[in-house]
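Undergrad: Okay, handing you the structure first.
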Amino acid sequence: MKRIFSLICLTILVTSSIFAQNNKNEEKTNRISIGAIWYSDCIKTGGGAEIGFTILDKALFIRDYFTVVGYGGKILQVNNNFGEVSLGNKIQIGSTIFESQGLKINLYGTLSGEVGFYFSKEKTFFALPLTYDFKICGGLELLMNNKNSFYTEFGGGIQFQQSVLGFSNLSLGYRYYF
C-alpha cells in the first residue's frame with residue numbers, strides 16, 4: 001500500500017512539473033485550491049478531497065478548507081468495524097519560511113472539525129448518533145511553481161462517537177492552486 005501511494009505521489013509530481021506553467025512574476029492573492037487527502041489515526045484510516053479558499057495572503061496567510069472524507073475503522077470498546085463519511089471545515093494559519101526559484105516551504109497550524117455519518121453492524125448509515133471530530137494540527141507544505149503542493153500534517157484531537165476518544169493523527173496530501 002505504501003509503495004502504491006508513493007508511486008502515485010511520484011507520478012503526480014513528475015507530470016505536474018512537466019505541464020506546470022512558471023508564473024514567478026505573478027502574485028495571486030485570491031487563490032482557490034483543490035486537493036486529495038490520505039488520513040490515518042489510531043481509530044480510523046481514509047481518504048478524501050478538499051477545496052480551499054485563501055482568506056489572507058500576506059506575510060501571514062489564512063486559508064479555509066472544506067473536506068469530504070471517507071473512513072474505515074474499528075470501534076474499540078465494542079470490537080466493531082465501521083465505515084464513515086465526514087464533512088468538515090479546516091482553518092489554516094501560517095507563513096512562508098523559505099522561498100527560492102519556484103519552491104516555497106510553508107509552516108502552518110490548523111484547527112478543524114468534522115461531522116460524520118457512520119455505519120456498523122449495529123447501526124445504519126443515517127441513524128443517530130453521528131460522529132464528531134475536533135483536531136489541532138501542525139503542517140508543512142512544499143509549494144512548487146506556485147501551483148502544486150505536497151503537504152503533511154500531524155496533530156491530535158477528540159472524537160465523539162459512542163464515547164469520547166482522544167487520538168493522534170497524520171495526514172498527507174496534494175493540492176493544486178488556481
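Undergrad: Considering only residues that are open to solvent by 30 Å² or more (accessible area, probe 1.4 Å) and touching a residue at least 40 places away in the same chain (Cβ under 8 Å), look in segment 142-151 and name the one that is farthest from R31 (Cα to Cα).
TA: Taking segment 142-151 as the starting set, the residues that turn out to be open to solvent by 30 Å² or more (accessible area, probe 1.4 Å) are 142, 144-146, 150.
If we keep only those that are touching a residue at least 40 places away in the same chain (Cβ under 8 Å) too, we end up with 144-146, 150.
Numbers: M144: 15, N145: 14, N146: 10, F150: 16 Å.
That would be F150.
Undergrad: Find all pairs meeting these conditions: Cβ atoms under 8 angstrom apart; at least six residues apart or on different chains; first residue within segment 30-54 and free of Cβ contacts under 8 Å to residues at least 40 places away in the same chain; second residue open to solvent by 50 Å² or more (accessible area, probe 1.4 Å) and of a type in the set (V, I, T).
TA: Pairs found: G48/V68; A49/I34; A49/V68; I51/I32; I51/I34; F53/I32; T54/T29; T54/I32.
Let's see how each residue does on (1) over 20 Å from I62 (Cα atoms); (2) surrounded by 15 or more Cβ atoms within 10 Å (Cβ to Cβ):
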{"position": "G113", "(1), (2)": "no, yes"}
{"position": "T124", "(1), (2)": "yes, no"}
{"position": "L128", "(1), (2)": "yes, no"}
{"position": "F134", "(1), (2)": "no, no"}
{"position": "C137", "(1), (2)": "no, yes"}
{"position": "L140", "(1), (2)": "no, yes"}
{"position": "E153", "(1), (2)": "no, yes"}
{"position": "G157", "(1), (2)": "yes, yes"}
{"position": "Q161", "(1), (2)": "yes, yes"}
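Undergrad: Then there is this: Among the candidates L87, L107, L111, L103, which residue alone is more than 18 Å from the chain's Cα centre (by Cα), within 28 Å of F178 (Cβ to Cβ) and at pLDDT 90 or above?
TA: Values: L87 fails: more than 18 Å from the chain's Cα centre (by Cα); L107 fails: more than 18 Å from the chain's Cα centre (by Cα); L111 fails: more than 18 Å from the chain's Cα centre (by Cα).
Just a single option satisfies the conditions, and that option is L103.
Undergrad: Now for a different question. Give the residues of segment 87-122 that are free of Cβ contacts under 8 Å to residues at least 12 places away in the same chain and among the hydrophobic types (A, V, I, L, M, F, W, C), sorted by residue number.
TA: Result: I97, F98.
The values are calculated or read from the model by the stated rules, or taken from the named source; none is laboratory data. Please read these numbers as outputs of a predicted model, since none were measured by experiment. Here the Cβ is made from the backbone with ideal geometry for all residues, glycine too, and neighbour counts use every protein chain on show. Protein only, heavy atoms only, side chains kept; ligands, DNA and RNA dropped before computing areas. Shrake-Rupley method; radii C 1.70, N 1.55, O 1.52, S 1.80 Å.
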